[in-house]
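The values are calculated or read from the model by the stated rules, or taken from the named source; none is laboratory data. Note that the structure is a prediction, hence the values are computed from the model and not measured. Every residue, glycine as well, gets a Cβ built from its backbone with ideal geometry; the counts of neighbours run over all protein chains shown. For accessibility, only protein heavy atoms count, side chains too; no ligands or nucleic acids. Shrake-Rupley method; radii C 1.70, N 1.55, O 1.52, S 1.80 Å.
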Amino acid sequence: MDSLLSSSMAKRPCSSPKPTSSDSSSDHFNMDAILKSFLALSDSPSINASFDRLIECTSSDSDQNQLIQRALHLGSLLLEAGNRSARKCSSSHNAVIWPLSPDLTIKVFSMLDTQSVCYAAATCSFFQKCAMDPLCFANIDLATIVPKVNNAVVSTMIHRAGGALRSIKLGVLPPIPAPPFFSSQPLVYSIRNSNDASGFSWNDKRSRQGKESSILTRSCLSSLSVNGGAPGAHLRRLHLFNIERMDNTALWASLSACPSLLDLEIVGLHVELRHTLESISKNCPLLERLVFESSKTGRDDGLKFPTCNEFVLNCPNITTLALKGFKLHDYKARMLVKGLQKLKHIDLSTSYSFTGSFLKNLSANGGGDNLEVMILRDCMHLKEIEVERFMAAVLAGEFRHLKHLDISNREGLACEGDWYNRCYSASFIPIKEVLEQRPDFCLVAEFPVGSYIEVEEMTTGSDVSLPSPSASQSDTSGSDGSVFMSTLDHGNGSGSGNEDSVETSFVSYEEENSD
């Protein structure tokens, strides 16, 4: 044992002839033999005793220290070699006993979220090889409650996916993440004001957003345009949350690389509605779902008539449209709703300016025929009379596919003729008649006071139940969507800031209005 360690510590000459191939083979054989003999030793106190004798036989302190450091180094090398060989054997074992072929393993990995794929890749080399397949990164989900990724991570994931990339979810999620829009889960709205149900004020959210989004910059999606735009060419879904530094120009560049986009969701980005709709009109003609929530509620008033018209003409496949928190006048809302013939779900929650007059004669010439869900929640200028006229149109047999209507308003509905007089009751709605004609109709009308007691009294004996006051942020009907409505002729109310003008048809309306 002593001779074995002594031989490994023997000093070599400073210079020696260049070894030949036979000398190299001999050295390898000798090293293998020494290591084999060493590993054949039993794990007993004799190893400790032998090493102690070597230390005692060394007179110089420096030589003793050198011998100790050499022993530690050799021990660490053996430990590293043993761990590496163990991992290799385990990987080979996993590849043999794993019941799925590589192709099926890749298929399974492609169904996992991005973080789970990375965890799986770290377990063994077999999984790592499977996880490197582009299909495993076809659906990139890097949205988190707290920031964990930067531009480099996003670029790496997009590069791995290559042409197989189909969806990207990126950014900092709201404190209470909403379920997928129009899903079967209860709807959760992130209405941005001081009484938000999430418990955070809008100012808190803005400060939180600034801190948590700083890791991702305006160029975080620049990799979509590399290799001639191959990564973004087949992208179908793009969801962006609270990426503070992304501006109009950066968003335009990202959308220009995604001509096949079907689903776009934008929440909390500092981009304008007009520029975004222009970019979508020019670059995403196949879009079917657009959810856009303003980062500055009620202050974005840049949308113009030509932009609305271009959007309606160039994106005819829109079935789901949510524009929340924007200053949207009646004639603009009317153009969007009536012009998008395939529209089924509309959500204009927390929008400003429109009174509801855009619903006037909406069903004429087939407008709104496909609407199933309409949400006008917390729209400050929405008038009671417009809702009443719309419900009269529903009772008259219009909007036959409409199943869900939400007119809840924490500020109450505006009354006709007196802007400061607010309505906090749903008693003006003929609930009983509506449910008799449309038993599958779901009406959500949540107000600060009064409305639910009156509505429940009116619907006594009905099989259809309305939401309870405690469910102020959710739709308990199980309906998956947001709806649209229609009303009869009426004049514009004062004090709303509305620019709507009287129209008899969509075509003539386009000719008469402009910004």
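Restricting the stretch 381-400 to residues that are touching a residue at least 60 places away in the same chain (Cβ under 8 Å) and in a loop (DSSP other than H, G, I, E, B), the residue that is nearest to the chain's Cα centre (by Cα) is His381. Restricting the stretch 410-442 to residues that are more than 22 Å from Thr355 (Cβ to Cβ) and of a type in the set (Asp, Glu) leaves a set whose member that is surrounded by the most Cβ atoms within 10 Å (Cβ to Cβ) is Glu433.
Taking Leu328, is it buried (at least 22 other Cβ atoms within 10 Å of the Cβ), over 23 Å from the mean Cα position of the chain (by Cα) and not acidic (Asp, Glu)? Give the derivation first.
Working: buried (at least 22 other Cβ atoms within 10 Å of the Cβ): yes; over 23 Å from the mean Cα position of the chain (by Cα): yes; not acidic (Asp, Glu): yes.
Spelling it out, Leu328 is indeed buried (at least 22 other Cβ atoms within 10 Å of the Cβ), over 23 Å from the mean Cα position of the chain (by Cα) and not acidic (Asp, Glu).
Can Pro102 be described as within 19 Å of Leu238 (Cβ to Cβ), open to solvent by 50 Å² or more (accessible area, probe 1.4 Å) and free of Cβ contacts under 8 Å to residues at least 40 places away in the same chain? Judged against the criteria, Pro102 is not a match.
Among the candidates Gln185, Gln128, single out the residue that is of a type outside the set (Lys, Arg), at pLDDT 85 or above and open to solvent by 60 Å² or more (accessible area, probe 1.4 Å).
Result: Gln128 is the single residue among Gln185, Gln128 that is of a type outside the set (Lys, Arg), at pLDDT 85 or above and open to solvent by 60 Å² or more (accessible area, probe 1.4 Å).
From Ala253, Ala161, Ala230, grab the single residue that is at pLDDT 90 or above, open to solvent by 10 Å² or more (accessible area, probe 1.4 Å) and either over 15 Å from the mean Cα position of the chain (by Cα) or within 24 Å of Cys308 (Cα to Cα) (or both). Steps first, please.
Details: Ala161 fails: open to solvent by 10 Å² or more (accessible area, probe 1.4 Å); Ala230 fails: at pLDDT 90 or above.
Answer to the check: Ala253.
Picking from residues in the stretch 136-158 that are hydrophobic (A, V, I, L, M, F, W, C) and surrounded by fewer than 16 Cβ atoms within 10 Å (Cβ to Cβ), the one that is modelled with the highest pLDDT is Ala152.
Sort out which residues of the stretch 67-91 are surrounded by 13 or more Cβ atoms within 10 Å (Cβ to Cβ) and free of Cβ contacts under 8 Å to residues at least 24 places away in the same chain, and write them in order of number. Those that are surrounded by 13 or more Cβ atoms within 10 Å (Cβ to Cβ) and free of Cβ contacts under 8 Å to residues at least 24 places away in the same chain: Ile68, Leu78. Residue count for the stretch 268-299, restricted to those that are more than 18 Å from the chain's Cα centre (by Cα) and open to solvent by 10 Å² or more (accessible area, probe 1.4 Å): 12. Scanning the stretch 302-315 for residues that are modelled with pLDDT of 90 or more and surrounded by 16 or more Cβ atoms within 10 Å (Cβ to Cβ) yields Thr307, Cys308, Asn309, Glu310, Phe311, Val312, Asn314, Cys315. Of all the criteria given as (1) out of contact with any helix residue (DSSP H, G or I) (no Cβ under 6 Å at 6 or more places or on another chain); (2) assigned to a helix (DSSP H, G or I); (3) not polar (S, T, N, Q), the one not satisfied by Pro231 is (1).
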